[in-house]
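Chemist: Here it is, the structure in full.
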Amino acid sequence: MDKGERLLERIKAQEAVNQADFFDVGILEFLDEVRDMCVQNSCGKYNKTWICPPASGTVEELTVACKSYSRGILLNSVTHLEDSFDWENMQEGGRKLLSFLNEAKGFAEEYGFEDYRIFGGGRCHGCEECSYPDAPCLYPEQVFTPIEACGIMVSSLAKDAGFKYINGQNTVTFFGMILYND
């Protein structure tokens, strides 16, 4: 079993993870239209945090970064909500994924990964108020560029990789992605 397979098995064993599997990084599609949703500030974080656009880099820069990796692991985490307005549990789901991605970083280092990058879903939950743009990020080792900031439509990526994007009524699903070279 190679280190990628060991990492995947470790990820699958985690309670926070609903689905996890390898995917062909060649299916990644980088679309300006997705990034335009960031620019339209649909989540309210555009130009307000270090992990979100424009601080995260351009679609072109992130495309080059993503295409420099040969292997990928996609994963998701599902949070059940009381109803579709359960903002508190939606936020908790995002924090749960962020916490797990930090664990995954530890797993990758434990297994000897040197050339890898982890992408998250949604926004950073590290600080009450981000230091952007006045001071450097307080926790740069604990934050991950959102998949959407790369211009990747997560629903299409999920479908193309054989994942469920919608996991039932009153749920929210967050995705993470680990790209690496052997």
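Chemist: In percent, how large is the relative contact order of the stretch 35-182, given Cα pairs closer than 8 Å and 6 or more residues apart?
Modeler: Contact order relative to length: 41 percent.
Chemist: Determine, for MET153, MET1, the number of other Cβ atoms within 10 Å of each Cβ, and report the residues in order from fewest to most.
Modeler: Result, fewest neighbours first: MET1, MET153.
Chemist: Quick one: which residues, 5 or more positions from ASP86 or on another chain, have an amide H under 5 Å from its amide H? H modelled 1.01 Å from N in the peptide plane, none for Pro or chain starts.
Modeler: none
Chemist: Continuing with this model, one more query. If N is the number of residues in the chain, what value comes out of its Cα radius of gyration divided by 2.2 N^0.38 Å?
Modeler: That ratio works out to 0.98.
Chemist: Ranked highest first by the average count of other Cβ atoms within 10 Å around their residues, in what order do 96-104, 81-89 fall?
Modeler: Result, highest mean first: 96-104, 81-89.
Chemist: Related question: Straight-line reach only, C-alpha to C-alpha below 13 angstrom: list the aspartates and glutamates that LYS3 could link to, leaving out same-chain residues fewer than 8 apart.
Modeler: Of all the aspartates and glutamates, those that pass the test against LYS3 - Cα under 13 Å, at least 8 places apart if same chain - are GLU109, GLU110, GLU114, ASP115, ASP182.
Chemist: Less than 23 Å apart at the alpha-carbon level, and either on another chain or at least 8 residues along: which lysines does that give for LYS159?
Modeler: Candidates past the 8-residue exclusion: LYS12, LYS67, LYS96.
Chemist: Quote the FRET efficiency, to the nearest 0.05, computed for SER99 versus GLU29 with a Förster distance R0 of 25 Å and r equal to the Cβ-Cβ distance.
Modeler: Using R0 = 25 Å, I get an efficiency of 0.30.
Chemist: What is the gain in length, in nm to one decimal, between SER68 and LYS159 on full extension, counting 0.36 nm per residue of separation less the C-alpha to C-alpha distance?
Modeler: Extending this stretch completely gives an extra 30.5 nm.
Read-outs throughout are calculated quantities, based only on the coordinates presented, and are distinct from any laboratory measurement. Everything numeric here is computed off the predicted structure, so don't read it as measured data. With ideal geometry, Cβ positions are generated from the backbone for all residues, glycine too; neighbour counts draw on all protein chains shown.
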